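Down below is the structure, laid out as structure tokens.
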Amino acid sequence: MESKRAKESLSITSVHVLPNDTNNHGTFFGGKLMMYVDNIAAIAATRHSRSLVVTASIDSVDFLQPIYAGSSVCLEAFVTWSHHTSMEVFVKIINEHLITGKRDLCTTCFLTFVAIDEKGKPIPVPKVIPESEEEHLLFGSAEKRYLNRKLRRQETKNFTSHLTLAKPWE
């Protein structure tokens, strides 16, 4: 399978934040932003793999600045690294005050996607070729994040094996 340049997966979209997109503090609903994040990241992963993809994990989402109604948010996503069947996608969200033009990086996060076939079985994905300084920075630290995710997933499995499921009808 031929490797692909990171920029081949670049996906960009903008959203106008309206009053009904905000919470009681007047800031963008985190959950609504996450819907846009997952969507743009899935597009980037699909562009890289040219296959169906499923979200495997969303790492910590770091909200650095609030986003207010009337702003525009620009979401940029690209595949930073790949393993056998999985891809790490980096998403950055830039807030733009539409009247002043001031732009701030307000949120970043990493997501992992798995490429699947029509039967839902994982399939191989191309390796990533980083080119820009930002791509090299993210690529160089990706394997460490991958290993941390793997450990966290095992810890979650261990933890959840001891949980009980609520049965409110009993």
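Each reported figure results from applying straightforward, stated rules to the coordinates on display, with no laboratory input. If you're wondering where the values come from, they're calculated on a predicted model, not measured in any experiment. We place every Cβ from the backbone using ideal geometry, glycine too, and count neighbours over all the protein chains shown.
Under 18 Å between alpha carbons, and skipping anything fewer than 8 positions from Lys157 in its own chain: which aspartates and glutamates qualify?
Of all the aspartates and glutamates, those that pass the test against Lys157 - Cα under 18 Å, at least 8 places apart if same chain - are Asp59.
On a C-alpha basis, how far is the centre of the stretch 1-47 from the centre of the stretch 72-133 in Å? Whole number, if you could?
9 Å
What base-10 log of the normalised intensity I(q)/I(0) is obtained for the chain from the Debye formula, alpha carbons as equal point scatterers, at q = 0.08, 0.12, 0.13 Å⁻¹?
-0.29, -0.62, -0.71
Among Leu33, Ile58, Ser86, which residue has its Cα positioned farthest towards the positive end of the charge dipole of the stretch 4-160, with +1 placed on the Cβ of Lys and Arg, -1 on the Cβ of Asp and Glu, and the dipole taken about the Cα centre?
Ranked along the dipole, the leading option is Ser86.
Filter Lys92/Lys119; Lys4/Lys102; Lys119/Lys144; Lys127/Lys150; Lys92/Lys150; Lys92/Lys127 down to the pairs with a C-alpha to C-alpha distance above 28 Å, please.
Values: Lys92/Lys119 32 Å; Lys4/Lys102 34 Å; Lys119/Lys144 31 Å; Lys127/Lys150 19 Å; Lys92/Lys150 23 Å; Lys92/Lys127 22 Å.
Flagged as over cut-off: Lys92/Lys119; Lys4/Lys102; Lys119/Lys144.
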